[in-house]
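Just below is one structure, and these are the notes that go with it.
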Amino acid sequence: ILDHNRRPRNFRALADATYAAGSLSGAQQADKFAACGLRRLEAQCIDAPLVDGCVAWLECRVIAEPHHQQAYDLFVAEVVAAQADERVFAGGRWLADAPAGLRTLHHQAGGAFFVAGETVQAARPRG
């Protein structure tokens, strides 16, 4: 992941900022982006900012599912726009040989993250 100057991003700092942004309440924090050291990009289709420095973005519209939202804190969404850096995603798939600085960061749970690494291709089933 690169910063706005196209330099490799510190994954630990990005994990810290991501976890903080996901933990802060927008109702209690006037500007979560500023509080977490994140920069905004304008979205194409939705009225919410995108996070600068990512390699891909999904813009989504929430589909109302009140039971799931209240009972499970689960939100269902429709993707209305998608963008990705062509150095990591092209032809409808993630590229196995993406530069290390462009790998993706994934949240597991409780503040634990992992950075995508080696791609392993399964053998095609016989028959």
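Readers should treat all values here as calculations from the given coordinates under stated rules, not as data from a laboratory. What you see is a predicted model; the values in this text were computed from it and never measured. Note: ideal-geometry Cβ built from the backbone for every residue, glycine included; neighbour counts use all protein chains shown.
Among the helices (runs of 4 or more DSSP H) confined wholly to the range 10-127, which include 1 or more residues that are over 17 Å from the mean Cα position of the chain (by Cα) and loosely packed, with under 15 Cβ neighbours inside 10 Å?
On the way: elements: 11-23, 32-36, 66-72.
The qualifying helices (runs of 4 or more DSSP H) are 32-36, 66-72.
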Problem set entry | First in the range 48-69 and within 24 Å of CYS36 (Cα to Cα), second anywhere and in a helix (DSSP H, G or I), Cβ under 6 Å, 6 or more apart | VAL55/LEU102
